[in-house]
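Asker: The structure's right below; bear with me while I get my questions together.
The values are calculated or read from the model by the stated rules, or taken from the named source; none is laboratory data. Predicted, not measured: the structure shown is a model, and the values here were computed from it. No Cβ is skipped: glycine too gets one built from the backbone with ideal geometry, and neighbour counts run over all protein chains shown. Note: accessible area is taken over every heavy atom of the protein model, side chains too, but ligands, DNA and RNA are not part of it. Shrake-Rupley method; radii C 1.70, N 1.55, O 1.52, S 1.80 Å.
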Amino acid sequence: MNWSAAQIQAWESLALGPRWQMKNAAPKQAVDTPTKASWESLKQAVANCQACPLWQSRKQTVFGSGTELGQWALVGEAPGAEEDLQGEAFVGMAGQLLDQMLLAMGWNRSQDLFIANVLKCRPPGNRNPTPEEASACAGHLQAQLQWLRPKAILIMGRVAAQHLLGQDVSIASLRGKPQVLTIDQGLQAFEVPALVTYHPAYLLRNLEDKAKAWEDLNLFAEILRQRQCLP
Ligand code: SF4
């Protein structure tokens with residue numbers, strides 16, 4: 001991605017943190033030109049995947065939700081019980097809270113963004129993904145991001161942050177610090193601004209942190225403005 005001098009100056013004014021390389025990135029390979037057909041082929045690849053043992057316990061894969069035509073992406077950790085049942089990302093109580101948060105910011109999941117998870121299959125008992133599972137599934141997320149080429153990424157929760165940033169640290173220590181993800185794109189790579197915040201499921205259990213999540217969303221809106229996604 002080529003940034004203009006004005007964009008670089010604006011980005012630096014946000015006090016950028018270090019630049020990160022996406023962890024567990026799949027080997028470089030030719031990337032399809034984004035077309036409806038190539039997006040459908042990614043869906044099919046996920047639906048048929050048996051690359052880790054989670055395929056045996058899933059009811060169905062969860063490719064994501066929202067729109068692939070949106071300007072930005074949100075990445076969470078893994079499907080839970082409701083997602084496994086419905087085949088959609090971020091449904092149930094946490095999904096409803098996410099929708100309220102998006103709505104409060106003037107965003108709509110069906111029009112503005114694509115929502116993906118690190119894992120496409122539910123870990124039994126909603127446990128955290130193992131490193132092996134996350135590694136096996138990394139190619140699917142990378143392919144989605146390659147196709148989407150989002151202008152910014154909101155990372156929700158510690159597991160997603162750990163996977164994307166390669167840092168096993170608390171959300172409290174990451175939030176408020178804009179990051180840059182480097183996504184391999186065939187023989188090239190592109191950079192995407194990213195911000196970490198709390199997962200809605202965590203916020204349902206820790207109401208006192210909702211105000212911090214609100215701060216994070218406002219900072220993310222500023223990033224979207226810098227990337228000309230918002231007026
Ligand atoms: S979690 Fe990912 S790698 Fe494992 S079976 Fe599901 S789609 Fe494949």
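Asker: Does Leu119 meet the test of being within 9 Å of the ligand (Cβ to nearest atom), of a type in the set (A, V, I, L, M, F, W, C) and out of contact with any Gly (no Cβ under 6 Å at 6 or more places or on another chain)? Step through it out loud before you land on a result.
Answerer: Values: within 9 Å of the ligand (Cβ to nearest atom): yes; of a type in the set (A, V, I, L, M, F, W, C): yes; out of contact with any Gly (no Cβ under 6 Å at 6 or more places or on another chain): yes.
So Leu119 fits the description; yes.
Asker: Now for a different question. Would you check which residues across segment 58-90 are β-branched (Val, Ile, Thr) and under 12 Å from Arg122 (Cβ atoms) and list them?
Answerer: The answer is Thr61, Val62.
Asker: Let me ask something else. Test Gly95 against the stated conditions and say whether it is within 30 Å of Gln56 (Cβ to Cβ), modelled with pLDDT of 95 or more and away from the ligand (no atom under 16 Å from the Cβ).
Answerer: Against the criterion (within 30 Å of Gln56 (Cβ to Cβ), modelled with pLDDT of 95 or more and away from the ligand (no atom under 16 Å from the Cβ)), Gly95 qualifies.
Asker: Select from segment 182-203 the residues that are at pLDDT 95 or above and open to solvent by less than 10 Å² (accessible area, probe 1.4 Å) and write down the one among them that is farthest from the chain's Cα centre (by Cα).
Answerer: Leu203
Asker: Among the residues of segment 168-181, write down those that are surrounded by 15 or more Cβ atoms within 10 Å (Cβ to Cβ) and not charged (D, E, K, R).
Answerer: Ile171, Leu174, Gly176, Pro178, Gln179, Val180, Leu181
Asker: When the residues of segment 39-82 are filtered to those that are of a type in the set (A, V, I, L, M, F, W, C) and in a loop (DSSP other than H, G, I, E, B), which remaining residue is farthest from the ligand (Cβ to nearest atom)?
Answerer: Filtering first and then ranking leaves Leu69.
Asker: Here is a follow-up. From (1) more than 16 Å from the ligand (Cβ to nearest atom); (2) farther than 21 Å from Ala201 by Cα; (3) among the hydroxyl-bearing types (Ser, Thr, Tyr), pick out the condition that doesn't hold for Ser173.
Answerer: The failed condition is (2).
Asker: Looking at segment 129-170, which of the residues that are assigned to a helix (DSSP H, G or I), touching a helix residue (DSSP H, G or I) at 6+ places or on another chain (Cβ under 7 Å) and within 18 Å of Gly64 (Cα to Cα) is farthest from the ligand (Cβ to nearest atom)?
Answerer: Ala161
Asker: How about segment 121-140: which of its residues are within 21 Å of Leu85 (Cα to Cα) and not hydrophobic (A, V, I, L, M, F, W, C)?
Answerer: Across segment 121-140, the qualifying residues are Arg122, Pro123, Pro124, Gly125, Asn126, Arg127, Asn128, Pro129, Glu133, His140.
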